[in-house]
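This report refers to the structure that appears directly beneath it.
No value in this document is a laboratory result; all are computed from the given coordinates. For clarity, every value in this text was computed on a predicted model and none was experimentally measured. We place every Cβ from the backbone using ideal geometry, glycine too, and count neighbours over all the protein chains shown.
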Amino acid sequence: MTSEELNALRFPVGTYTIPEKIAKETIREWIGDIEAFPGQLRSVVQPLSKEELNLRYRPDGWTIQQVVHHCADSHLNSVPRFKLAITEDRPTIKPYNEAAWAELWDTTHAPVDLALNLIEALHARWVYLLRGMGPEEWTRVFIHPEYRREYRVDQAIGNYAWHCRHHLAHVHQALALRFEK
């Protein structure tokens with residue numbers, strides 16, 4: 001498999017590009033993506049067998065099980081980032097090692113229902129936060145030390161909306177391509 005083919009498998013919906021200008025309608029669409037994701041993910045993952053949960057979306061990629069738990073971990077980290085940005089002046093967020101977390105025992109062995117339940121509750125709460133924010137809060141920033149740059153809250157919500165679509169596509173891709181563990 002060529003590096004181009006592997007990259008297409010790695011980013012089935014493309015990479016996230018921060019728009020130059022972010023309209024209110026775009027923010028509403030992104031919030032809609034965040035809101036819809038838990039149900040979309042559950043509807044695809046819930047009926048899967050243990051064997052299907054161990055399918056990978058690309059050679060040497062994560063299993064469906066790992067993708068679902070990763071989404072819970074990633075989005076669980078995202079909400080404090082938003083809250084810090086809107087309550088503090090340019091806070092530096094704490095990054096985490098996603099690859100290492102994806103190999104932890106709970107990620108590889110805990111029932112996916114635990115992650116799905118967490119994602120549902122977390123996203124419901126997150127959407128309340130996002131819909132209650134005013135225009136001045138959308139322009140607040142946090143600093144990501146790993147990338148050594150500031151991110152505005154509106155840019156970050158676009159990134160997490162993309163993240164939902166990205167990993168949902170991974171699950172569909174794993175089921176279609178059936179790369180085994």
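Details
- Candidates Arg125, Arg81, Arg56: whichever shows maximal mean-square fluctuation once the chain is modelled as a Gaussian network with Cα springs under 10 Å: Arg125
- By other beta-carbon atoms within 10 Å, ranking Leu175, Leu130 with the fewest at the front produces Leu175, Leu130.
- Net charge of neighbours whose Cβ lies under 12 Å from the Cβ of Asp89, counting Lys and Arg as +1 and Asp and Glu as -1: 0
- By other beta-carbon atoms within 10 Å, ranking Trp101, Trp30 with the fewest at the front produces Trp101, Trp30.
- Using only the C-alpha atoms, the convex hull of region 22-177 corresponds to 112 Å³ per residue.
- Computed from Cα positions, the angle between helix 112-131 and the longest principal axis of the chain comes to roughly 20 degrees.
- Electrostatic tally near Ala115: other residues with Cβ closer than 11 Å to its Cβ, Lys and Arg +1, Asp and Glu -1, net -3.
- Ranking Leu114, His144, Leu175 by how far each Cα lies toward the positive end of the dipole of region 22-177 (charges on Cβ) leaves His144 at the top.
- Near Ser3, once Lys and Arg are set to +1 and Asp and Glu to -1 for all other residues with Cβ below 14 Å from its Cβ, the sum equals -1.
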